[in-house]
1. Among the listed residues His203, His152, identify the single one that is on the phi < 0 side of the Ramachandran plot, in a loop (DSSP other than H, G, I, E, B) and either open to solvent by 40 Å² or more (accessible area, probe 1.4 Å) or at pLDDT below 95 (or both).
2. Restricted to the stretch 206-259, and to residues that are assigned to a loop (DSSP other than H, G, I, E, B), open to solvent by less than 60 Å² (accessible area, probe 1.4 Å) and within 11 Å of the ligand (Cβ to nearest atom), which residue is modelled with the lowest pLDDT?
3. Only one residue in Leu173, Leu157, Leu189, Leu163 is among the aliphatic types (A, V, I, L, M), open to solvent by less than 70 Å² (accessible area, probe 1.4 Å), over 21 Å from Ser13 (Cα atoms) and more than 16 Å from the ligand (Cβ to nearest atom). Which one?
4. Considering only the stretch 83-97, I want to know if a residue exists there that is open to solvent by less than 10 Å² (accessible area, probe 1.4 Å) and more than 15 Å from the chain's Cα centre (by Cα).
5. What pairs come up if the first residue lies in the stretch 127-150 and is under 17 Å from Ile112 (Cβ atoms), the second is open to solvent by 50 Å² or more (accessible area, probe 1.4 Å) and among the hydroxyl-bearing types (Ser, Thr, Tyr), and their beta carbons are under 8 Å apart, counting only those six or more places apart or on different chains?
6. Starting from the stretch 238-251, keep only residues that are in contact (Cβ under 8 Å) with a residue 24 or more places away in the chain, then list their pairs with residues that are more than 9 Å from the ligand (Cβ to nearest atom) and not in a helix (DSSP H, G or I) whose Cβ atoms are within a distance under 7 Å, requiring at least 6 positions of separation or different chains.
Amino acid sequence: MVFLTGAGISAESGIPTFRGAEGYWQIGSTNYQPEDLATRRAFAAMPDELWAWYLYRRSVCHAAAPNAAHLALVALERTLAERFLLVTQNVDGLHLRAGNSLARTYQSHGNIDYSRCEAEHPRVRELPQGLALDWPKARKLSPAELDALRCHEHGRLTRPHVLWFDESYDEPLFRYESSMDAARRAAMLVVVGTSGATTLPNHLVSVAAQRGLPLVCIGPDESPFTRLTESLAHGLVLRGTATEWMPKVARALGVRDGS
Ligand code: APR
């Protein structure tokens, strides 16, 4: 069973989605489209500002707690064990904080609590302890904080461990091939809270559709995924929020109360 999650699963934990009305893609007084700001190009042009913005977003993630939908996925992993795989686009770390295992959680867009340098085989490191977890929106980094974000080996400024729009998925950092393999072998795909705007989710859903897998799509709004799901004989759209549906889906897939 493969579960694919996007920003919608964390919306009820208080983390704004990317393309919803409260998306927070802003630096200074300028508003940006995600596709313009979450890029290697933007980081090259204004690294300090991008780091400050990611540290602010990280503080939003840390202020949030896992919700009933995250917990349902933890119960599903306990019940399904090696038959369970979670592919998430979320960098908020909430699935791991809820209790899903790193081995069975592919963080296909990275994790906001980590950084890496641009070296060829970068080591992914947890962010230094000293960086505030309650970072106000307009706060800039001090020289000491910027220094703490330098790579120990190469001396240059590290970057957030996330996948940007002008970059490609890969296996070592983002488990791309493993995710695709899982979709090719899966018995069922459950999609929760994603608008279908990025490549990997689209590939996973296409493979599921081509293979005739049962495909379940959960979300309150219409999206390319709900439209595709509705067009399939083996597709089921569960219209509503992640916390409304995921506990029910978990029970339907064998999770017992208390697990
Ligand atoms: N429960 C379930 N789904 C919800 C909820 C909720 N409570 N609230 C909103 N949604 C749905 C929205 O209807 C929308 O379809 O979640 C989806 C969120 O879509 P996006 O904001 O586009 O987020 P996502 O699909 O995760 O974005 C993909 O794009 O910006 C990049 O890298 C970033 O990982 C992100 C990727």
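1. Details: His203 fails: in a loop (DSSP other than H, G, I, E, B).
From the options His203, His152, the qualifying one is His152.
2. Ser223
3. Values: Leu173 fails: more than 16 Å from the ligand (Cβ to nearest atom); Leu189 fails: more than 16 Å from the ligand (Cβ to nearest atom); Leu163 fails: more than 16 Å from the ligand (Cβ to nearest atom).
After applying the criteria, what remains is Leu157.
4. yes
5. Filtered contacts from the stretch 127-150: Leu127/Tyr114.
6. Taking only residues 6 or more apart or on different chains, the pairs are Trp245/Leu238; Val249/Val190; Val249/Val216.
The values are calculated or read from the model by the stated rules, or taken from the named source; none is laboratory data. Predicted, not measured: the structure shown is a model, and the values here were computed from it. Counting neighbours? That spans all protein chains shown, and the Cβs are built from the backbone with ideal geometry, glycine included. We work out accessible area using only protein heavy atoms, side chains counted, and drop any ligands, DNA or RNA first. Shrake-Rupley method; radii C 1.70, N 1.55, O 1.52, S 1.80 Å.
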